[in-house]
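Accompanying notes for the structure given below.
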Amino acid sequence: MHMSDALVSPAVGGAMWGVAVGVAAWSARKLRQAPEDGRVPLMGVLGAFVFAAQMVTFAIPATGSSGHLGGGVLLAIILGPGAAFLVMASVLMVQALLFADGGLLALGCNIVNLGFFASFLAYPFVFRPVAGARPTPRRLFGASLAACVVGLQLGALGVVVETALSGVSELRFASFLLLMQPIHLAIGIVEGLVTGAVVVFLRRARADLPLGTALAPEAGRPRSRRAALVAVGLVAMLGAGVLSWFASSRPDGLEWSLARLAGGRTPVVPDTGLRRALARAQAAMALLPEYGLEKNAAGGRESRPRSWPAVDAGTSTAGLVGALLTLALSGAVGAGLRAVRRSAPASRAPSLRSRQDVT
Amino acid sequence: MTARIESALAHIGSIEDLAALDTPIHRLDPRAKLVTTLALLVAVASFGRYEVTRLLPLALYPIVLAALGDVPAGPILARLALASPFAILVGIFNPLIDRAPLAALGPVVVTGGWLSFASILVRFGLSLGTALLLVATTGFDAVCAALARLGLPRALVIQLLFVYRYLFVLSDDAARMIRAHGLRAPLGRRPGLRVAGSMLGQLLLRTLARAQRIHAAMLCRGFDGVFRLRRPLRLGARDVAFAVGWCGWFALVRAVDLPQLLGAVLGRLG
């Protein structure tokens, strides 16, 4: 369920990058205040564990398919929210840089969807209350299950909201929501079952290990009111940011789907003072003011409801011919450069792959 | 999924080999390549959703990167194909939902849905292909060093380096465990939920023990809580020219519809 670069607009991608960087800086500062006691290697190796754990697939009863561990909630249970968030962020960055899972522009979205919701919402507000102060194995299992389900539902909702705000995909908000949430309910239950099994196993094997408190001593106490306020504030900021993009940056997406629902009539948008102010601010701040407002028929979403089907075959054909030519030219440049390179063979530095030494 | 992870690890191995080459692209400062790549991503995402042809001139950057950096196209394209299902899944509904005609190629009318679907695929290929090429021509460690110099929180950079370092070690652990289970399981079946829970728990215990050993080893070598990344980065005129030149190209592509211009000129000549 990685959000993809192909579906995200610069506004949404940038806003989520901002949220992710802010939470990461906050978490890093919080961690620096805790005593450094083997925290850095533990966090690092647990990040690698998330990858390795995904190799262990298991049969899902009665379906014939298989599942694997996601990791976000498990990390929060072991490490506490801040450290777990940083570990998930690093895992997602490695996935984006090395495996093309998601992509760099969508990285902020993915860190929020898969890291923030699991560490800062599902863990403190679902896992801890359900598990209680002195959890029995049964309670631990139930709490893990509930936290995974909630975390994945929030993550899936994040994907749907970000996709709708970006407006690249044609999927309507409601239908995409109805597609994503049930699928991720199933995934969440499977993930919750295996996370619960691992947590109960860990509790039995290492009763000395204080869960969720290993690295963040303050998390051992019942959550203070201030921490809850900070969490609620962050969510509110996120929501406000998201909603303000809805209201100001891309009014067309929402209005456009409303227009479709309303049977082609353009919905009446109340021209409130706030809306005007937002529009003015948007016009003043927009990096790419022409974005989405191209005047030509081939690109204009704005002009479409009025002028379609004003299709200019001549323009389209010239565009296609030019595109093919562009590709051919780019390919020729590449081939030429390769030929030049081949005539002067590259020297090879010693390979770095001898990484089998183990600490 | 196991096969997927294994292919991913094999992919990292080949990326590491490519990153060890010495070409004009490899010799550039990692910051120049990182900034240029980010600029390309923003440029790609800034186009309207019905744009297909106007995106294509941006492909010049990854093509030049691959050509001058001696990166074969095959592994990169294979990796993209493996990662593509989500983009395809979300985009494939566009042609079904949006049936408004937006363009015509002679007698064939192209609907908005097909245009936006094609646009999603082109965006996907451009942005992810370029990100893969960045690592293949730079190396993961150098990208991390560049991120640190550009202001990413130190804790996150160290975390990235650790994850990358132990990825192979722990995956080998997991692979051994899976093989041991497979040898003992009747018909080589996958473990059930219960068994998978204890297998993952065992893997977790080993991981925790390993973290303690690593910490002890770090303390033995005089670790005092501060990380010192030693990787000299020098930003020369070549690096600046590289970044500025390519950003200029992206801006030109964004401002002017080059394929349209080219096609029109060609039409006039013919």
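Computed from backbone phi, the HN-Hα couplings of the range B:28-39 come to 5, 5, x, 5, 4, 5, 5, 5, 5, 4, 4, 4 Hz, rounded to whole numbers (Karplus: 6.51 cos²θ - 1.76 cosθ + 1.60, θ = phi - 60°; Gly and Pro given as x). Net charge in the neighbourhood of A:ALA197 (other residues with Cβ under 13 Å of its Cβ; Lys, Arg +1, Asp, Glu -1) is +3.
Report, to one decimal in Å, the Kirkwood hydrodynamic radius for chain B based on all distinct Cα pairs. Could you put the intermediate results ahead of the total?
Details: mean 1/r = 0.0449 Å⁻¹.
Hydrodynamic radius (Kirkwood, Cα only) of chain B equals 22.3 Å.
Extending 7 Å from Cα along the Cβ direction at A:ALA339 and again at A:ILE183 yields two label points whose distance is 4.6 nm. So if I take the centroid of the Cα atoms in the range B:69-136 and the same for the range B:181-227, what is the distance between those two points in Å? Going from one Cα centre to the other spans 39 Å.
From other protein chains only, count the Cβ atoms within 10 Å of every residue's Cβ in B:132-142, then give the mean. List each step's numbers first, then the result.
Numbers: counts 5, 0, 2, 5, 1, 0, 1, 1, 4, 1, 0.
Partner-chain Cβ atoms within 10 Å, mean over residues of B:132-142: 2.
Summarising the amide proton neighbourhood of A:SER66: residues at separation of 5 or more, or on other chains, whose placed amide H is nearer than 5 Å comprise A:ILE60.
Peptide B:76-85 has a mean shielding of 2, counted as Cβ atoms of other protein chains within 10 Å of each residue's Cβ. Shape descriptor for the range A:5-222: Rg over Rh equals 0.96 (Cα atoms; Rh from the Kirkwood inverse mean 1/r). In sequence order, the range A:20-26 has phi-based couplings of 4, 5, x, 5, 5, 5, 4 Hz under the Karplus curve 6.51 cos²θ - 1.76 cosθ + 1.60, θ = phi - 60°, and Gly or Pro positions carry x.
Here the spin labels are modelled as points 7 Å beyond Cα on the Cα-Cβ line, and at A:ARG29 and B:ALA10 they lie 4.7 nm apart.
Take the Cα of B:ALA216, step 7 Å toward its Cβ, do the same at B:ARG238, and the gap between the two points is 4.7 nm.
For the range B:175-254, which trypsin sites (Lys or Arg not before Pro) pass both filters: DSSP loop (anything but H, G, I, E, B) and at most 13 other C-beta atoms within 10 Å?
Working: sites: B:ARG176, B:ARG179, B:ARG184, B:ARG189, B:ARG194, B:ARG206, B:ARG210, B:ARG213, B:ARG221, B:ARG228, B:ARG230, B:ARG234, B:ARG238, B:ARG254; in loops: B:ARG189, B:ARG221, B:ARG228, B:ARG230, B:ARG234.
Of the trypsin sites (Lys or Arg not before Pro), the ones in loops of the range B:175-254 whose Cβ has at most 13 other Cβ atoms within 10 Å are B:ARG189, B:ARG221, B:ARG228, B:ARG230, B:ARG234.
Seen from B:THR130, the other residues with C-beta closer than 14 Å to its C-beta sum to a net charge of +2, counting Lys and Arg as +1 and Asp and Glu as -1.
With a ≥ b ≥ c taken as the square roots of the eigenvalues of the C-alpha gyration tensor of the range A:81-185, please select rounded if a/c is under 1.5 and otherwise prolate if a/b is larger than b/c or oblate if it is not?
Working: a/c = 2.79, a/b = 1.49, b/c = 1.88.
It comes out oblate by the Cα gyration axes.
Taking every residue in B:64-74, how many Cβ atoms of other protein chains lie within 10 Å of its Cβ, on average? Numbers along the way, then the final one.
Details: counts 4, 2, 3, 10, 5, 3, 6, 0, 1, 2, 0.
Average neighbour count from other chains, rounded to a whole number: 3.
Summing Cβ point charges (Lys, Arg +1; Asp, Glu -1) relative to the Cα centre of the range A:5-222 gives a dipole of roughly 800 debye. Within the shell of other residues whose beta carbon sits under 12 angstrom from the beta carbon of A:ALA143, the net charge comes to +4, with Lys and Arg scored +1 and Asp and Glu -1. Dividing the summed -39500 (n - 2.57) terms of all DSSP H runs of n ≥ 4 by the residue count of chain B sets its mean residue ellipticity at 222 nm at -24000 deg cm²/dmol. Think of the range A:5-222 as having a plus end and a minus end, set by charges on the Cβ of Lys, Arg, Asp and Glu; of A:GLY44, A:LEU211, A:ALA24, A:LEU211 sits farthest toward the positive end of this dipole. The contact between chain B and chain A removes approximately 11000 Å² from the accessible area (both sides summed; 1.4 Å probe; ligands, DNA and RNA excluded). Relative to the globular-protein estimate of 2.2 N^0.38 Å, the Cα radius of gyration of the range A:3-123 stands at 1.11.
Close amide H contacts of B:LEU102 (hydrogens built in the peptide plane, cut-off under 5 Å, sequence separation of 5 or more or a different chain): B:VAL110, B:THR111, B:GLY112.
Pull up all non-local amide H partners of B:VAL71: gap of 5 or more, or a different chain, and H-to-H distance under 5 Å with H placed in the peptide plane. Those lying under 5 Å, H to H, from B:VAL71: there are none.
The values are calculated or read from the model by the stated rules, or taken from the named source; none is laboratory data. Bear in mind the structure is a predicted one, so any value in this text is a computation, not a measurement. Neighbour counts run over all protein chains shown; Cβ positions are idealised from the backbone, glycine included. Side chains included, ligands, DNA and RNA excluded: accessible areas come from the protein's heavy atoms. Shrake-Rupley method; radii C 1.70, N 1.55, O 1.52, S 1.80 Å.
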